[in-house]
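The values are calculated or read from the model by the stated rules, or taken from the named source; none is laboratory data. Because the structure is a prediction, the values reported are computed rather than measured. Virtual Cβ from ideal backbone geometry, glycine too; neighbours counted across all protein chains shown. To get the accessible areas, we keep the full protein, side chains included, count just its heavy atoms, and leave off ligands, DNA and RNA. Shrake-Rupley method; radii C 1.70, N 1.55, O 1.52, S 1.80 Å.
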Amino acid sequence: DEMVYDWRKAVSAGKQDFYVKTFGHFEVFANGQPLVFEREKAKELLAYLIDRYGSSVTTEQIAVVLWEDRPYDKTLKNYVSTVLGSLKKTLRKVGKEEILIKSRNHLSVNPDKIKCDAYDYEKGDVSAVNSFRGEYMVNYSWAEFKTGVYVSMEQDQQQPYRLPEYCHDRKG
């Protein structure tokens, strides 16, 4: 029964009006269909913002992460603006532009407006925990660190709780 419940919950999550899948390959679904981005870097920008879980980033931080091999200059700064405009356009088409929070030279997402497997995993949602298979946004090298965090969280959940060593040395 529990497996059927988890399966139904996962299937219904994919059919929601806007759902972000980070486990495995990064994918965004609108009305049950994969969202089509006109620029791959716009999709990667959204992935990076999702990964930041609401923390804001600057234009320079975005450039350094998404184009790690290029120096940050005026041309790259302008390209970041172009990619951001493309992302906004894509989100506007599905009525979800409000997930972005933009202020002067800072950008973030509002996690409260996003249904995301990683966000559910961090909240301890059973279906999300069961859907994690050791892979997180495998299409982006910058996401490798978070993969390690999730793998560690998964291992901690599988281990029985043990008192730290220093507790065993105490008397009384």
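Let's see how each residue does on (1) under 13 Å from Val20 (Cβ atoms); (2) in a helix (DSSP H, G or I):
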{"position": "Ala118", "(1), (2)": "yes, yes"}
{"position": "Gly124", "(1), (2)": "no, no"}
{"position": "Ser127", "(1), (2)": "no, yes"}
{"position": "Gly134", "(1), (2)": "no, no"}
{"position": "Glu144", "(1), (2)": "no, yes"}
{"position": "Val149", "(1), (2)": "no, yes"}
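Does Val138 satisfy the criteria of being closer than 27 Å to Val149 by Cβ, at pLDDT 90 or above, β-branched (Val, Ile, Thr) and crowded, with 16+ Cβ neighbours inside 10 Å? The answer is no for Val138.
In this structure, Leu107 does not satisfy being assigned to a helix (DSSP H, G or I) and crowded, with 18+ Cβ neighbours inside 10 Å. Taking residues in the stretch 89-115 that are under 14 Å from Tyr48 (Cβ atoms), and partners anywhere that are assigned to a strand (DSSP E or B) and open to solvent by 50 Å² or more (accessible area, probe 1.4 Å), the pairs with Cβ atoms closer than 7 Å and at least 6 places apart or on different chains are Ser108/Ile101; Val109/Ile101. Scanning the stretch 36-68 for residues that are open to solvent by 20 Å² or more (accessible area, probe 1.4 Å), touching a strand residue (DSSP E or B) at 6+ places or on another chain (Cβ under 7 Å), at pLDDT 90 or above and not hydroxyl-bearing (Ser, Thr, Tyr) returns a single hit, Arg52.
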